[in-house]
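Here it is: the structure, laid out below.
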Amino acid sequence: MRRPLRVAAALATAVALLVGGLSQSAWADDLSHKRSQLESQAAANKQQQQSLQASIEDMSGQLAQTEQDLVTIQTQLQAAQQKLSDATTALATAQREQQQIAGQLTDAQNQQQQIAQQITDGQAQQAQLRDAVGAMAREAYRDGGDVAGISTVLAAQSTDDFLNTYTMLAAAQRAQAGVFDRITELQAQARNQSARMQSVQQKIAELKLAADQKVADANQARQDAADATAQVANLQQQAQAKQASLQGQISTAQQQDAALQASTAQIESDLKKVIAEQQAQAALQHSSAAPGHALPGAWFSNPTANNPIYVTSEFGWRLQPVLHIWRLHAGIDLMDHCGQEVYAGRDGTVVWAKYLNGYGNQVMLDHGWVNGTSLMSSYSHMIRFIVSPGQHVTAGQVLGYAGMTGGDSTGCHLHFEVHINGSPVNPRSYLGLPPA
């Protein structure tokens with residue numbers, strides 16, 4: 001019973017390997033494409049993260065400066081508000097003083113009116129006295145100029161008449177002298193009142209001018225303080241708006257950075273899985289030829305820098321991953337990382353080493369006639385080649401370095417072709433690899 005079981009197990013394994021072989025090339029190609037995409041995404045994420053982190057650092061510096069500016073502006077605003085308060089108090093004081101001076105002005109104006117009335121009354125009295133003096137002068141003239149009345153005294157008829165007449169004349173003389181004294185007094189009063197009038201008028205003008213100027217100065221100071229306060233408040237508003245904007249931008253950038261970090265972590269996890277799958281697939285490849293060495297019975301030695309040879313895409317018709325069209329894949333894709341050496345599969349002569357559309361940097365070797373057939377091989381997608389047309393090379397000699405040049409390349413690898421009598425054939429058997 002044990003032998004049939006072992007046979008059945010062997011048959012199952014053979015079937016599994018056969019089925020696996022049929023899909024192996026597509027699986028390897030898909031893994032290579034997936035790995036290339038993940039590596040590109042990881043590189044793009046890293047670049048975006050570096051840009052975001054630099055932006056966050058820059059905005060954080062601006063935010064710190066803005067917050068420092070706000071502290072300074074707040075101090076300036078407090079000083080401006082204090083200045084405005086002081087100016088408002090000074091204006092109120094000046095306005096009160098102006099009101100006091102207005103009261104003094106009213107008193108001075110009343111005093112001016114009183115003096116004017118006194119001057120008017122004095123002028124009226126002077127006019128009356130001048131009329132009286134004129135009347136006496138006319139009377140004396142009629143009496144023949146005897147102002148003292150001597151003739152009148154001498155004409156008295158009796159002692160009593162004389163005394164009465166003399167008494168009347170003495171009284172008249174005293175009255176006349178009093179009139180002159182009063183006129184002189186009134187004139188002096190008028191001069192004094194006129195001087196007082198001028199003094200009061202000058203005082204009124206000075207008080208009014210001083211009060212108006214003081215109020216104007218205080219009002220201007222208050223306006224200046226109000227303008228300065230408004231300006232500082234505007235600066236504070238602008239700084240606060242900038243602060244809020246920067247905080248929002250930093251928050252958004254931090255969220256984007258967190259999302260990128262999560263995406264990068266997921267990409268790294270997926271990439272590890274893909275690499276593990278590639279390594280597992282590589283373990284299924286049965287090739288142990290070291291770079292530059294051939295497997296038993298093979299026409300070509302290992303052209304890659306990897307051992308074992310790892311096929312990522314098989315020969316035959318396939319859907320081109322970039323152009324999305326069906327066409328013949330005229331060779332096989334072998335795993336070679338960017339910059340790894342590409343070796344000549346066997347001795348030959350360099351036909352060309354140049355850039356071809358779809359193939360990128362390609363080296364074509366002519367190996368002459370083998371078993372009656374023309375044998376050639378090509379090595380494509382290299383970063384650069386180090387041989388030139390006409391040069392003779394030997395098996396295992398470095399031709400260039402693996403890359404992904406050419407429009408059809410989706411990742412670093414070596415596209416290897418074998419041409420028999422000018423037509424491409426599947427290189428697997430010529431490398432000593434089992435059928436896919």
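Consider the stretch 405-435. How many of its residues are more than 25 Å from residue 371 (Cα to Cα) and among the hydrophobic types (A, V, I, L, M, F, W, C)?
2
Additional query: Got a sec? Which of 89, 75 is assigned to a helix (DSSP H, G or I), surrounded by fewer than 12 Cβ atoms within 10 Å (Cβ to Cβ), modelled with pLDDT of 90 or more and not aliphatic (A, V, I, L, M)?
Values: 89 fails: surrounded by fewer than 12 Cβ atoms within 10 Å (Cβ to Cβ).
Step by step, each of 89, 75 is checked, and only 75 is assigned to a helix (DSSP H, G or I), surrounded by fewer than 12 Cβ atoms within 10 Å (Cβ to Cβ), modelled with pLDDT of 90 or more and not aliphatic (A, V, I, L, M).
Continuing with this model, one more query. Among the listed residues 152, 120, 106, 165, which satisfies the condition of being assigned to a helix (DSSP H, G or I) and modelled with pLDDT under 70?
152
Conditions: (1) modelled with pLDDT of 80 or more; (2) surrounded by fewer than 14 Cβ atoms within 10 Å (Cβ to Cβ). Residue 288 meets all but one. Number of the miss?
(1)
Here is a yes/no grid of residues against (1) more than 53 Å from the chain's Cα centre (by Cα); (2) buried (at least 18 other Cβ atoms within 10 Å of the Cβ); (3) modelled with pLDDT of 95 or more:
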{"position": "402", "(1), (2), (3)": "no, yes, yes"}
{"position": "407", "(1), (2), (3)": "no, no, no"}
{"position": "420", "(1), (2), (3)": "yes, no, yes"}
{"position": "431", "(1), (2), (3)": "yes, yes, yes"}
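Let me ask something additional. Could you pull out the residue among 214, 203, 208, 272 that is more than 24 Å from residue 101 (Cβ to Cβ), charged (D, E, K, R) and assigned to a helix (DSSP H, G or I)?
Step by step, each of 214, 203, 208, 272 is checked, and only 272 is more than 24 Å from residue 101 (Cβ to Cβ), charged (D, E, K, R) and assigned to a helix (DSSP H, G or I).
Here is a follow-up. Across the stretch 163-221, which residue is farthest from residue 108 (Cα to Cα) among those that are under 60 Å from the mean Cα position of the chain (by Cα) and buried (at least 16 other Cβ atoms within 10 Å of the Cβ)?
Filtering the stretch 163-221 for residues that are under 60 Å from the mean Cα position of the chain (by Cα) and buried (at least 16 other Cβ atoms within 10 Å of the Cβ), the one farthest from residue 108 (Cα to Cα) comes out as 221.
Do we have residue 235 as part of a helix (DSSP H, G or I), modelled with pLDDT under 80 and either surrounded by 14 or more Cβ atoms within 10 Å (Cβ to Cβ) or not basic (Lys, Arg) (or both) here?
Taking the combined requirement at face value, the residue does not satisfy it.
State all residues of the stretch 381-407 that are without any contact (Cβ under 8 Å) to a residue 40 or more places away in the chain and either under 14 Å from residue 331 (Cβ atoms) or assigned by TED's automatic domain parsing to the domain that holds residue 32 (or both); if no residue qualifies, say none.
381
Also, I was wondering about something else. Right, residue 242: surrounded by fewer than 18 Cβ atoms within 10 Å (Cβ to Cβ) and either modelled with pLDDT of 90 or more or assigned by TED's automatic domain parsing to the domain that holds residue 341 (or both) or not?
Numbers: surrounded by fewer than 18 Cβ atoms within 10 Å (Cβ to Cβ): yes; either modelled with pLDDT of 90 or more or assigned by TED's automatic domain parsing to the domain that holds residue 341 (or both): yes.
Yes.
So is residue 410 assigned to a loop (DSSP other than H, G, I, E, B), in contact with a Lys or Arg (Cβ under 9 Å, 6 or more places away or on another chain) and touching a residue at least 12 places away in the same chain (Cβ under 8 Å) or not?
Answer is no for this residue.
Also: Considering each residue of the stretch 317-341, count those that are buried (at least 20 other Cβ atoms within 10 Å of the Cβ), among the hydrophobic types (A, V, I, L, M, F, W, C) and either touching a Pro at 6+ places or on another chain (Cβ under 6 Å) or closer than 17 Å to residue 420 by Cβ (or both), and give that number.
Within the stretch 317-341, residues that are buried (at least 20 other Cβ atoms within 10 Å of the Cβ), among the hydrophobic types (A, V, I, L, M, F, W, C) and either touching a Pro at 6+ places or on another chain (Cβ under 6 Å) or closer than 17 Å to residue 420 by Cβ (or both) number 1.
Separate question: Please indicate, with yes or no, whether at least one residue in the stretch 347-359 is among the β-branched types (Val, Ile, Thr) and either closer than 25 Å to residue 310 by Cβ or not in a strand (DSSP E or B) (or both). Let's see the steps before the verdict.
As a first pass, look at the stretch 347-359 and keep what is among the β-branched types (Val, Ile, Thr): 349-351.
Subsequent filtering for residues that are either closer than 25 Å to residue 310 by Cβ or not in a strand (DSSP E or B) (or both) retains none.
No, there is no match, as no residue in the stretch 347-359 is among the β-branched types (Val, Ile, Thr) and either closer than 25 Å to residue 310 by Cβ or not in a strand (DSSP E or B) (or both).
The values are calculated or read from the model by the stated rules, or taken from the named source; none is laboratory data. All values derive from a computational prediction rather than experimental measurement. No Cβ is skipped: glycine too gets one built from the backbone with ideal geometry, and neighbour counts run over all protein chains shown.
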